[in-house]
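**Student:** One structure, pasted below without further comment.
Read-outs: derived from the displayed coordinates by stated rules, not from any lab. This is a predicted model, so every value here is computed, not measured.
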Amino acid sequence: MDWALVVAAFVVGSVGGYVARSLLSKSNNDSTGQLDQAKFALEQQKQEVSDHFAQTHEILEQITDQVNRLNTYWNESSKNMLGETAEKQLVTFTPATVNDGQDPTELPPKDYVHGSQQIIAPPNTKAS
């Protein structure tokens, strides 16, 4: 009698395992389809990003070429307009000279305000 229960349990377990595997494989097929769709969408997104960067690279190359042409044009124009004096020094401006002999580096900045403007600390008020 003990062997009959063991064999019956084995048969019931086998049938239950087969049914469970078939149910799980159906849901696994659905998951596989979703996985394939997600992979396709990811590859499509990667291709779009790659195309975007390729187009951006091409545009930047065109801009670089145009800037180089413009710089060449400016250099040639300046040589034609200025002739041999193209290498002369530009005028350099220095801070305002001080007539009273003070060193300009020791002067306060031009936006310096003398005295307290009471921006940080409120004025002292006396209680009446």
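**Student:** Using a Debye calculation, one point per C-alpha and no hydration shell, please list log10 I(q)/I(0) for the stretch 8-80 at q = 0.17, 0.24, 0.26 Å⁻¹ in order.
**Tutor:** -0.82, -1.00, -1.04
**Student:** Can you quote the Å³ per residue value for the convex hull of the Cα atoms in the stretch 26-66, rounded to an integer?
**Tutor:** 23 Å³
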